[in-house]
1. Please compute the modelled spin-label separation between R157 and A112, points set 7 Å along Cα→Cβ, answer in nm with one decimal.
2. Per residue, how much accessible area does the stretch 40-165 show when a 1.4 Å probe rolls over the protein heavy atoms, in square angstrom?
3. Rounded, prolate or oblate: pick one for the stretch 56-169, where a ≥ b ≥ c are the square roots of the eigenvalues of its C-alpha gyration tensor, a/c under 1.5 means rounded, and failing that, prolate if a/b is larger than b/c, else oblate.
4. What is the Cα centroid distance between the stretch 113-138 and the stretch 70-104, reported in whole angstrom?
5. Starting at the first residue of the stretch 77-94, write each ³J(HN,Hα) from the Karplus equation 6.51 cos²θ - 1.76 cosθ + 1.60 with θ = phi - 60°, in whole Hz, x for Gly and Pro.
6. Non-local amide H neighbours of T140 (under 5 Å, H modeled in plane, Pro and chain starts lacking H): which ones?
7. Multiplying the sequence separation of T166 and V59 by 0.36 nm and subtracting their Cα-Cα distance, what value in nm do you get?
8. Sort T121, T166 by heavy-atom solvent-accessible area, probe 1.4 angstrom, most to least.
Amino acid sequence: MGRTGWAVVVLVAAAVTGVLAWDGLVPSEPAGEWVSVGEVSARAGADVPAGVVRDELGVVASGAGLAPGAGGPEAGELVGCVADWTGNGPADAGQWAALEAGLTAKGWRVTARRGEPVPGTRLEEGPWTLEITNGGLLDTLSLYAHRSGARCEEAFRREAARRAATERG
């Protein structure tokens with residue numbers, strides 16, 4: 001199959017799964033390896049540990065041609081409630097499309113999108129909600145997943161109260 005044929009296959013697969021780069025741009029050539037977007041995670045809906053989610057974010061981001069930047073795991077009560085990955089700069093349209101394709105192949109479902117000035121996509125998988133933002137003040141790609149549920153909601157509430165008390169001095 002020629003280059004045009006592959007571009008049509010990719011465009012149709014992206015349209016069927018809802019995975020399109022913002023502004024309607026779909027790259028005609030892959031950024032790295034193509035990732036199938038038709039697979040459904042064997043663990044779909046399962047409550048996986050934060051470390052597994054964090055590792056998955058790193059693998060998918062790397063597969064999309066993105067390099068890691070500064071960042072690290074949460075500490076204290078939020079351990080187990082947050083998984084994140086930060087890039088060393090913003091993603092281009094091809095990397096963004098490959099990132100979304102890789103995440104949907106792992107069972108994440110796109111639930112919302114946000115346009116400029118800081119584009120973003122919200123995805124869900126089991127009790128996890130993932131927010132991807134690109135650009136912003138730090139001009140970088142950020143993947144931030146948080147787990148829902150009573151234990152984590154209480155941990156987030158206590159952490160917010162602790163930070164507010166610290167800011168008040």
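1. My value for the distance between the label points is 2.1 nm.
2. On a per-residue basis, the stretch 40-165 sits at 47 Å².
3. The shape class here is prolate.
4. When both Cα centres are located, 10 Å separates them.
5. 5, 7, 4, x, 10, 9, 9, 9, 8, 10, x, 8, x, x, 8, 8, 4, x
6. Under 5 Å from the amide H of T140 lie the amide H atoms of G135, each far enough along the sequence or on another chain.
7. This chain segment gains 35.0 nm when fully extended.
8. Heavy-atom accessible area, descending, gives T166, T121.
The values are calculated or read from the model by the stated rules, or taken from the named source; none is laboratory data. Model, not experiment: these values are computed from the prediction. Neighbour counts run over all protein chains shown; Cβ positions are idealised from the backbone, glycine included. To get the accessible areas, we keep the full protein, side chains included, count just its heavy atoms, and leave off ligands, DNA and RNA. Shrake-Rupley method; radii C 1.70, N 1.55, O 1.52, S 1.80 Å.
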